[in-house]
Amino acid sequence: IVVEHASEETEDADALHLISEFWKKVGIKMLTKPQTRENFRLRAFSGDAIMTAFAGNVTAVPTVNTSPKEFAPTMQGGLQWSQWGMFVESKGTKGEKCDMPSACKLMDYLKEWETSTDPVVRRKAWDQILTTSADEVFTIGTVNGIRQPIVVGPKIRNVPKEGYYAWDPGGYIGLYQPDTFWVANQALRRDSGQRRHRRRNALRLSAHRPTLPAPQPHHLRPGPRRACGGGDPQLRLVDHRKTCG
């Protein structure tokens, strides 16, 4: 089976290599065909590609009021039925009309959802669409729940530590309203920097104090100390955090 994918996506090539190893165990040989994104889309939309590998569903957290349009042959961007989707988008002037009964049922379920405001009816339409998609396997899912790292500057505040990262809903990080993020005040940063500087100096002094300190009252002597690495704890990576004994 020849699987075509966009050459710009290195993750696709890595994932396909792992999948091909599993397929080989059951007697299926996979040949990957990387190509430019433009040529990849042309071959997929024309129906020349036998099988393609591309990004999955963009609907991350669907509810009964979320449109299931993505799961029906209504858009050319659905690579598993681009010709049928083109027919719907062009109102019958381009592409081909859906001729697979199981896929046509998805259109009927979608219409039921669009013409109803009853949550029970909409939930039933969603269930029927997902059940049909699972039974017919129009697409083969590979990986789900991938963690997406987001780089945040040390001066930026009000950014959540965890969340959803998908186009729908919210447009990736737009779900968390970036206009509510703010930059720390200059005076606050200066004061924070001074405190860190004093803490570093104190740690360095404690690490180089005399080994025989002056006697304390009541013949009590301070026990040995060990200085822990300085720096802002917020800048440390969780997997590399150091503890002080």
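Couple of notes before you dig in:
- The phi-based Karplus calculation (6.51 cos²θ - 1.76 cosθ + 1.60; θ = phi - 60°) puts the 3J(HN,Hα) values of segment 170-180 at x, x, 6, 6, x, 4, 9, 6, x, 5, 8 Hz, whole numbers, x for Gly and Pro.
- Positive-end ranking of Gln177, Trp126, Leu110 along the dipole of segment 58-191, with charges on Cβ about the Cα centre, is headed by Gln177.
- Near-label residues of segment 65-97 by backbone N, under 17 Å of a point 7 Å along Cα→Cβ of Asn57: 65-75, 77-81
- When the GluC sites (Glu not before Pro) in segment 1-95 are filtered for DSSP coil states and for at most 13 other beta-carbon atoms within 10 Å of their beta-carbon, the remaining sites are Glu8.
- Calculated FRET value between Lys24 and Asn185, using beta carbons and R₀ = 51 Å, to 0.05: 0.30
- Charge sum, other residues only, whose C-beta stays under 14 Å from Phe71's C-beta, Lys/Arg counted +1 and Asp/Glu -1: -4
- Contour minus Cα-Cα distance for Lys97 and Ile50 (0.36 nm per residue): 15.0 nm
- Once all protein chains are placed together, Arg123 keeps about 130 Å² accessible to a 1.4 angstrom probe.
- FRET efficiency for the pair Arg37 and Val121, taken as 1/(1 + (r/R0)^6) with r the Cβ-Cβ distance and R0 = 35 Å, rounds to 0.35.
- Straight-line cross-link reach from Lys33 at under 25 Å between alpha-carbon atoms covers these lysines, not counting any fewer than eight positions away in the same chain: Lys24, Lys25.
- Approximating the spin labels as points 7 Å out from Cα along Cα→Cβ, the Val143-to-Lys111 distance works out to 4.0 nm.
- Fraction of alpha-carbon pairs over 21 Å apart in segment 1-100 - percent: 45
- Rounded to the nearest 10 square angstrom, Cys104 shows an accessible area of 40 square angstrom against a 1.4 Å probe.
- Straight Cα distances below 20 angstrom link Lys105 to the lysines Lys69, Lys91, Lys97, Lys124, with same-chain residues fewer than 8 positions distant left out.
- Net charge over other residues, Cβ less than 12 angstrom from the Cβ of Gln148 (K, R count +1; D, E count -1): -1
- Taken over segment 1-43, the alpha-carbon convex hull comes to 49 cubic angstrom per residue.
The values are calculated or read from the model by the stated rules, or taken from the named source; none is laboratory data. In this text the structure is predicted, and so the values were computed from the model without any measurement. Ideal geometry is used to build each Cβ from the backbone, glycine not excepted, and the neighbour counts take in all protein chains shown. Surface accessibility is based on the protein's heavy atoms, side chains included, excluding ligands, DNA and RNA. Shrake-Rupley method; radii C 1.70, N 1.55, O 1.52, S 1.80 Å.
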